[in-house]
C-alpha cells in the first residue's frame with residue numbers, strides 16, 4: 001500500500017525520533033570544553049560583552065563607562081550616527097512631525113537632513129510605497145502562510161524576480177533596492193496579515209492603498225484597520241516604536257546576519273531574507289510576543305493584580321519553571337548588553353501611560369509598572385547574576401502594540417518594518433568597507449576515526 005504523502009512529509013515517526021536521538025548523541029559537546037578552549041558562547045563573555053568582530057559608523061550601544069580605569073555599568077544610551085536617541089526623539093516631537101523618515105535618512109546617509117532634503121526624501125519614499133502590478137494577487141494572496149514573517153521573507157525573495165538588475169551589488173543599485181524595500185515593507189507586512197486573516201481565519205478581506213501624504217506609521221494603521229481610522233496619539237506612538245527598533249548596532253543577531261551574508265557578495269534580497277529569518281526567532285524579534293503571552297498567563301493566575309505579594313509569588317514561580325512556559329524566564333527583563341537601563345524602554349515608557357489612559361488600560365499599565373520594578377528584585381534574590389537586570393524594549397513594545405490593536409501576528413513584522421532601515425545601512429557599510437568574506441573559526445573536539453568498511457560494521 002502506497003504511503004500517504006502527508007504521512008511521508010509531516011509525521012514524526014518512531015524512526016525519525018530514533019534518528020533524532022542519534023543526532024543529539026553524536027552532536028552534543030561537553031560544556032567544560034568551551035571553558036578549556038576559551039570559546040565565548042554566543043560570542044559573548046559572562047558579562048555580556050561581545051567579541052569584537054567589526055567596526056561601524058552607524059550606531060553605538062553604550063551600557064558602561066570607565067571609572068578609575070575600570071569598566072562599570074551605567075545607564076544605557078543608544079546613538080544613531082553619533083546622536084543620542086533621546087535627543088532625536090525630543091527633536092521630532094518638539095517639531096511635531098513624524099520621525100521615521102527623518103531617522104531613516106540619518107541612518108542611511110550619515111547626516112541629518114535639512115527641510116528641503118527631508119521633504120524630497122519623503123516624496124521619494126512615498127513614490128516607492130507600492131508593489132509591482134498584480135503582486136498582491138499573484139504572490140501575497142496565493143498560499144498565505146500562518147506566519148507573517150515567513151510570508152514576508154517569501155515576498156522579499158519573490159521581488160528578486162521583479163527586479164531588472166537584481167544581482168548588481170554596486171552601491172547605487174543596492175541603495176535603490178534598499179529604498180524600495182524600506183518603502184514596501186509596511187505593505188508586505190499588512191497585506192500578508194490581511195491574506196492570513198481572510199484565508200486562514202475566515203475574516204473579511206481588506207486591502208487599502210497607502211496615501212502618499214501620510215507617514216509610514218499613519219499608513220500602517222490606515223491599511224490595517226477596516227475603517228482606516230486612527231488617532232494622532234496612536235500614530236505618534238507607533239512612529240516612536242518604529243524609530244526605537246530601527247537600529248541597534250552591528251552585533252545584534254539579524255544585523256550581524258546581514259553583515260555575514262553581504263560579505264559573500266550575494267544580492268540584496270537574499271541578504272534581507274536571511275536577516276528576516278534571524279529576526280523571526282523568539283530570542284530576537286519575537287521576544288515581545290512572549291512578554292504579552294506571559295502577562296496573559298499572569299492575569300489568569302493572579303487574582304488581584306494590585307496585590308504585590310501575589311505578583312511576587314507568580315514571578316518566583318516563573319523563575320522556578322512552575323508557571324507559563326516553564327522556561328525559568330521573566331520575559332522582557334534583561335538584555336545582552338544593557339544592565340542598568342535600556343534607553344529604548346525608558347523612552348517608550350514615557351508615552352505608554354498616555355496611551356493607556358486613552359484606551360482605558362490603566363489597570364494593565366499599573367501591573368506592568370509593578371512587574372518592571374519588582375522583577376529585578378526577584379531575579380537578584382533567586383539567581384546568581386553577573387550584571388544588573390532591567391526592563392528591555394520588548395517589555396513595553398508588546399503592550400503598546402496590543403493597545404494599538406495590532407494583531408499578535410504583526411508584532412515581529414513591525415520590528416522588521418523598523419529594522420529594515422538598519423539592515424540596509426549595515427549592508428551598504430559592509431559592501432563599502434570590507435573585501436573579505438566573514439569566516440570565523442570553530443574548534444573541532446572530536447578525535448580522528450579509522451574508517452570501517454561497510455561489510456565489517
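Numbers for the structure displayed
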read-out: The listed residue being buried (at least 16 other Cβ atoms within 10 Å of the Cβ) and either in a strand (DSSP E or B) or in contact with a strand residue (DSSP E or B) (Cβ under 6 Å, 6 or more places away or on another chain) (or both), out of 112, 78, 108; value: 78
read-out: Residue in region 133-145 that is assigned by TED's automatic domain parsing to the domain that holds residue 274, under 23 Å from the mean Cα position of the chain (by Cα) and not in a loop (DSSP other than H, G, I, E, B) present; value: yes
read-out: Only listed residue being surrounded by fewer than 24 Cβ atoms within 10 Å (Cβ to Cβ) and either without any contact (Cβ under 8 Å) to a residue 60 or more places away in the chain or within 26 Å of residue 99 (Cβ to Cβ) (or both), chosen from 276, 224, 188; value: 224
read-out: Condition met for residue 247 (in contact with a helix residue (DSSP H, G or I) (Cβ under 7 Å, 6 or more places away or on another chain), outside any loop (DSSP other than H, G, I, E, B), under 20 Å from residue 92 (Cα atoms) and modelled with pLDDT of 95 or more); value: no
read-out: Region 27-50: number of residues that are in a loop (DSSP other than H, G, I, E, B) and surrounded by 12 or more Cβ atoms within 10 Å (Cβ to Cβ); value: 6
read-out: Output for region 188-235, where each listed residue is within 15 Å of residue 142 (Cα to Cα), out of contact with any helix residue (DSSP H, G or I) (no Cβ under 7 Å at 6 or more places or on another chain) and in a helix (DSSP H, G or I); value: 194, 197, 198, 199
read-out: Which listed residue, of 432, 420, 337, is in contact (Cβ under 8 Å) with a residue 12 or more places away in the chain, under 21 Å from residue 81 (Cβ atoms) and surrounded by fewer than 19 Cβ atoms within 10 Å (Cβ to Cβ); value: 432
read-out: Subset of region 324-359 (residues that are in contact with a strand residue (DSSP E or B) (Cβ under 7 Å, 6 or more places away or on another chain) and at positive phi); value: 332
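The values are calculated or read from the model by the stated rules, or taken from the named source; none is laboratory data. Values in this document were obtained by computation on a predicted structure and should not be read as measured data. Because the Cβ atoms are built from the backbone with ideal geometry, glycine has one as well, and the counts that use them run over all protein chains shown.
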